[in-house]
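Student: Next up is a structure, given as structure tokens.
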Amino acid sequence: MNQLLYKETSLLEETGGCLLCNEAPCRKACPYELEVDKIIRSYRFENKTGAANRQPEELPCQTCEDTPCMSACLKGKISNPVPVKGIFEKIASYEKEDLAEVDLSIDFCGIPCENPFFLSSSVVGSNYEMVAKAFDMGWAGVAFKTIGVFVPNEVSPRFDAMKKEAVPFVGFKNIEQISDHTLEENLSFIRDLKRDYKTKIFVASIMGQTEEEWTYLAKAVTEAGADMIECNFSCPHMAADGLGSDVGQNPELVAAYTRAVKRGTHLPVLAKMTPNIGNMEIPALAAVEAGADGIAAINTIKSIMNVDTDTFVSGPFVAGKTSVGGYSGKAVKPIALRFIHSMKTHKGLTSIPISGMGGIETWRDAFEFMALGCENIQVTTSVMQYGYRIIEDMIEGMKHYLSSHGYKSISEIVGKSLVHTIPTDELDRDSICYPKFDRKKCIGCGRCYLSCYDGGHQALRQDEKTGQPVMDGKKCVGCHLCALVCPANAISPGARVKKKK
């Protein structure tokens, strides 16, 4: 089997099994004071160069026979400890790279930001201590948990997660509402954070029930020292009518409330859009025409998940009942990117700044949003799962990417992907790109055959002796389902040829 593929596959499996402990025992146990947890975390969060650079030139693991890191590994109390020694030996084969000077600073709605990474409006940014910790770790800003004139009476529990096979956190559902602090408490948080973190950006997310409330809240957060206002037109599960996504689906209300906010502030105003709609550009355009300076998207998606086979109640389970909630996490990223693209290619919104969110876990996820036109990134669900520390690999991974690709500034990648997504009727429909099979990599598992026969066009058969695929070119339509399911990375795009008339 191809050694590079083996290394990549095994590293993903092995680092994916790490529990990502706080105050990791493996690091404390290392007699050579290696950053064991950071190295594993960097690789897992797609910062491979950062992982390699953290290892010393001469890896002491090769002569470490007792492996105290593995003895201390808490995963060993559940199943098997993380194979730290093997992971480090594989990572050591990557070349270290020096970072060229790159600039992650970027202006958003006229406000200079030290980097594009913000916390999104949620529990991850809901009081002074939390935001201060995030700022200290490198986050450039926060969209504070939505502030209103009322304090909601929350439920318990309020979170649930969707799993797939061994992946425990594919998607996430919440039925939490806006801030559970009083208005005065929240205004105090703004004042204190801006006093202590003058260069960090504070975005005040607000939600009112009438035009008067929207104006009042805008004035209050402006006077407290906020740098920007985000209008929450999109929370999917507010208890009262006329709030959240009920607003975001109504362009007239979006426009009216945007104008009301503008009456109360001189600050840049973002309109946060709901994905619970077919065409997001319609309310987005209404917000811009009413004075919004930018758009934030997407908020969570209305959802129901995990119906219990015994009780028939879906999660989260609240005294035998539940409700529709907001879906987030890695699984929503393609949906978020589609909405971003729709807005950035609309003639009335092309030049409007967008703060993108929805499924961002790593620097690579952030890259995708920025390549589609976002100048700012917001994150919640990943922080809830892994902690604020993910910012280290977001910043470092993005710097390594920019440096290795010759970019001097992160602003250079904004919108570069937009020209490559075109209407379906403009795609090349007169040729076929056939799959190419690497016989040396193929392990003869038959996955490609099963998928092609049962879910494709019956263009493959499995050789009885070798187990390898044999393609019938007359039946193959070039769909590449076979390449997607191949666990050995043995199938790649081959020649593109004109279709026979």
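Student: Conditions first: (1) under 17 Å from the mean Cα position of the chain (by Cα); (2) of a type outside the set (V, I, T); (3) surrounded by fewer than 17 Cβ atoms within 10 Å (Cβ to Cβ). L99 passes all but one, so which condition is the exception?
Tutor: Against the list (1) under 17 Å from the mean Cα position of the chain (by Cα); (2) of a type outside the set (V, I, T); (3) surrounded by fewer than 17 Cβ atoms within 10 Å (Cβ to Cβ), L99 comes up short only on (1).
Student: Tell me, which residue of segment 139-160 that is among the aliphatic types (A, V, I, L, M) and part of a strand (DSSP E or B) is nearest to M398 (Cα to Cα)?
Tutor: Taking the candidates together, the pick is V142.
Student: Among the residues in segment 206-216, are any of a type in the set (S, T, N, Q), touching a residue at least 12 places away in the same chain (Cβ under 8 Å) and in a loop (DSSP other than H, G, I, E, B)?
Tutor: yes
Student: Select from segment 453-480 the residues that are assigned to a loop (DSSP other than H, G, I, E, B), free of Cβ contacts under 8 Å to residues at least 24 places away in the same chain and within 38 Å of the chain's Cα centre (by Cα) and list them in ascending order.
Tutor: Matches in segment 453-480: H457, Q458, A459, C479.
Student: Taking helices (runs of 4 or more DSSP H) that do not extend beyond segment 288-405, which have at least 2 residues that are under 14 Å from the mean Cα position of the chain (by Cα), of a type in the set (A, V, I, L, M) and buried (at least 22 other Cβ atoms within 10 Å of the Cβ)?
Tutor: 333-344, 363-371, 390-404
Student: Provide a single number: the residues in segment 247-268 that are within 27 Å of the chain's Cα centre (by Cα) and either of a type in the set (D, E, K, R) or buried (at least 24 other Cβ atoms within 10 Å of the Cβ) (or both).
Tutor: Count: 3.
Student: Same structure again: Quick one: how many residues across segment 406-424 are assigned to a loop (DSSP other than H, G, I, E, B) and more than 24 Å from R338 (Cα to Cα)?
Tutor: 3
Student: Next question, about the same structure. Do we find a residue being within 23 Å of the chain's Cα centre (by Cα), surrounded by fewer than 14 Cβ atoms within 10 Å (Cβ to Cβ) and not assigned by TED's automatic domain parsing to the domain that holds R44 anywhere in segment 116-139?
Tutor: yes
Student: When you scan segment 425-452, how many residues do you find that are assigned to a strand (DSSP E or B) and not hydrophobic (A, V, I, L, M, F, W, C)?
Tutor: Matching residues across segment 425-452 total 4.
Student: Next question, about the same structure. With the requirement that a residue be buried (at least 18 other Cβ atoms within 10 Å of the Cβ) and part of a loop (DSSP other than H, G, I, E, B), what does segment 481-490 give you?
Tutor: If the condition is that a residue be buried (at least 18 other Cβ atoms within 10 Å of the Cβ) and part of a loop (DSSP other than H, G, I, E, B), then C486, A488, A490 are the ones that fit.
Student: Right, next: Looking at V307, is it of a type outside the set (G, A, S), assigned by TED's automatic domain parsing to the domain that holds E375 and in contact with a Lys or Arg (Cβ under 7 Å, 6 or more places away or on another chain)?
Tutor: Considered against the rule, which asks whether it is of a type outside the set (G, A, S), assigned by TED's automatic domain parsing to the domain that holds E375 and in contact with a Lys or Arg (Cβ under 7 Å, 6 or more places away or on another chain), V307 comes out as no.
Student: Sticking with this structure for a sec: Can you confirm whether F150 is out of contact with any Pro (no Cβ under 9 Å at 6 or more places or on another chain), at pLDDT 95 or above and in the same structural domain as G110 (by TED's automatic domain parsing)?
Tutor: Considered against the rule, which asks whether it is out of contact with any Pro (no Cβ under 9 Å at 6 or more places or on another chain), at pLDDT 95 or above and in the same structural domain as G110 (by TED's automatic domain parsing), F150 comes out as no.
Student: Do you know which of the residues in segment 97-134 that are out of contact with any helix residue (DSSP H, G or I) (no Cβ under 8 Å at 6 or more places or on another chain) and aromatic (F, W, Y) is farthest from I190 (Cα to Cα)?
Tutor: It comes out as F108.
Student: What's the number of the only condition in (1) closer than 25 Å to F169 by Cβ; (2) in contact (Cβ under 8 Å) with a residue 24 or more places away in the chain; (3) not acidic (D, E) that K28 fails to meet?
Tutor: With respect to (1) closer than 25 Å to F169 by Cβ; (2) in contact (Cβ under 8 Å) with a residue 24 or more places away in the chain; (3) not acidic (D, E), K28 is out only on (1).
Student: Right, next: Checking the conditions here, which among S121, S188 is out of contact with any strand residue (DSSP E or B) (no Cβ under 9 Å at 6 or more places or on another chain) and among the polar types (S, T, N, Q)?
Tutor: S188
The values are calculated or read from the model by the stated rules, or taken from the named source; none is laboratory data. What you see is a predicted model; the values in this text were computed from it and never measured. When we count neighbours, we look across all protein chains shown, and the Cβ atoms used for this are built from the backbone with ideal geometry, even at glycine.
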